[in-house]
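Enquirer: One structure coming up, written as structure tokens, with questions to follow.
The values are calculated or read from the model by the stated rules, or taken from the named source; none is laboratory data. From a predicted model like this one, the values you see are computed outputs, not experimental measurements. Don't worry about glycine lacking a Cβ; one is built from the backbone with ideal geometry, like all the others, and counts go over all protein chains shown.
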Amino acid sequence: MTKSRKLVIVGDSAFAEIAKEYFDADTEYQVVGFAVEAAFRKRDELLGLPVVDFEVVNDFFSSDNHSIHVAVTYANLNRLRARLATASKDKGYALASYISPRAFIWRNVTLGEHCFIFEDNTIQPFVSIGNNVVMWSGNHIGHHTIVRDNVFLSSHAVVSGFCDVGENCFIGVNAALSNNITVAPDCWLGPGTVVLANTEPGQLIRAEASKPAKVSTMRFFRVRE
């Protein structure tokens, strides 16, 4: 693929490394460097590219011919990613999205800016996705659902039809939302949670962890060495 645009990734975590890999493989963007806030920058190079202080990123990569993607996960209930995206725009940068060509996105889905949508996501008709949304691989977003700004969905979550997921929410691996559910802003739905009723703002909902049986596998399966 012809690389016609230059991209700076804000962040130097594992997500930043993954973001570079995906942008390099699937988009017209050429990743040319990373930026991290000065107080947290611990290195000068990542994957062979420079890591610079975010506060002076314009001195190294002009906003005239570079875009930015903030590759930060759900720290501070997604507010860190949102703050850095806003700061990047204030510095004059266009915000880049990554939308996997291996995701299924119906033709009338609306997508906001600065999203990262991994492979194998299914986004059905009449869905609206807000700004600054991360959808890790393998989620199902049912028809007529709204996913609002600054949401992070882990892998293999099921959001059924006519749901409304509020700003800054986190939805964990294998979580499931029934039809017509409103998830209020700032909620944390942990791995494996099942949500059958509307939530209140700021609720933290966790599933019960599986507990080991009292009998061992060796005894249960009558294994004899």
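Enquirer: Which members of the stretch 86-102 meet the condition of being in a loop (DSSP other than H, G, I, E, B) and more than 19 Å from ARG148 (Cβ to Cβ)? Lay out the reasoning, then the answer.
Expert: First, pick out the residues of the stretch 86-102 that are in a loop (DSSP other than H, G, I, E, B): 91-93, 96-97, 100-102.
The answer is LYS91, GLY92, TYR93, ALA96, SER100, PRO101, ARG102.
Enquirer: What do you reckon, is ALA82 at pLDDT 95 or above, aliphatic (A, V, I, L, M) and exposed (fewer than 14 other Cβ atoms within 10 Å of the Cβ)? Step through it out loud before you land on a result.
Expert: Values: at pLDDT 95 or above: yes; aliphatic (A, V, I, L, M): yes; exposed (fewer than 14 other Cβ atoms within 10 Å of the Cβ): no.
No, not satisfied.
Enquirer: Test of understanding: among VAL127, VAL134, VAL159, VAL151, which residue is within 16 Å of PHE104 (Cα to Cα), in the same structural domain as ALA176 (by TED's automatic domain parsing) and touching a residue at least 40 places away in the same chain (Cβ under 8 Å)?
Expert: On the way: VAL127 fails: touching a residue at least 40 places away in the same chain (Cβ under 8 Å); VAL159 fails: touching a residue at least 40 places away in the same chain (Cβ under 8 Å); VAL151 fails: within 16 Å of PHE104 (Cα to Cα).
Within the list VAL127, VAL134, VAL159, VAL151, the selection yields VAL134.
Enquirer: Now, a different point. From the list SER88, SER67, SER97, SER63, which residue is crowded, with 16+ Cβ neighbours inside 10 Å, within 17 Å of ILE18 (Cα to Cα) and in contact (Cβ under 8 Å) with a residue 24 or more places away in the chain?
Expert: On the way: SER88 fails: within 17 Å of ILE18 (Cα to Cα); SER67 fails: within 17 Å of ILE18 (Cα to Cα); SER63 fails: within 17 Å of ILE18 (Cα to Cα).
Going through SER88, SER67, SER97, SER63 in turn, the sole match is SER97.
Enquirer: Could I ask something else about it? Would you check if there is a residue in the stretch 15-34 being of a type in the set (A, V, I, L, M, F, W, C), out of contact with any strand residue (DSSP E or B) (no Cβ under 7 Å at 6 or more places or on another chain) and surrounded by 17 or more Cβ atoms within 10 Å (Cβ to Cβ)? Break it down stepwise before answering.
Expert: Narrowing the stretch 15-34 to residues of a type in the set (A, V, I, L, M, F, W, C): 15-16, 18-19, 23, 25, 31-32, 34.
Subset that is out of contact with any strand residue (DSSP E or B) (no Cβ under 7 Å at 6 or more places or on another chain): 15, 18, 25.
Those still in the list that are surrounded by 17 or more Cβ atoms within 10 Å (Cβ to Cβ) too: 15.
Yes; the residues of the stretch 15-34 include at least one that is of a type in the set (A, V, I, L, M, F, W, C), out of contact with any strand residue (DSSP E or B) (no Cβ under 7 Å at 6 or more places or on another chain) and surrounded by 17 or more Cβ atoms within 10 Å (Cβ to Cβ).
Enquirer: Kindly evaluate ASN139 against the criterion of being at pLDDT 95 or above and either at negative phi or crowded, with 22+ Cβ neighbours inside 10 Å (or both).
Expert: yes
Enquirer: If you don't mind, another one. Take the residues in the stretch 70-85 that are touching a residue at least 40 places away in the same chain (Cβ under 8 Å) and assigned to a loop (DSSP other than H, G, I, E, B), then tell me which one is farthest from VAL56 (Cα to Cα).
Expert: Kept after step one, since they are touching a residue at least 40 places away in the same chain (Cβ under 8 Å), are these residues of the stretch 70-85: 70-74, 77-79, 81-82, 84-85.
Cutting the leftovers down to assigned to a loop (DSSP other than H, G, I, E, B) gives us 71-74, 77-78.
On the way: ALA71: 18, VAL72: 19, THR73: 23, TYR74: 24, LEU77: 26, ASN78: 23 Å.
Looking at the filtered set, the residue picked out is LEU77.
Enquirer: Collect the residues in the stretch 178-225 that are of a type in the set (A, V, I, L, M) and within 21 Å of GLY161 (Cβ to Cβ), keeping them in residue-number order. Talk me through it step by step, then tell me what you get.
Expert: Start the filter on the stretch 178-225 by keeping residues that are of a type in the set (A, V, I, L, M), which leaves 181, 183-184, 189, 194-197, 204-205, 207, 209, 213, 215, 218, 223.
ILE181, VAL183, ALA184, LEU189, VAL194, VAL195, LEU196, ALA197, ILE205, listed by residue number.
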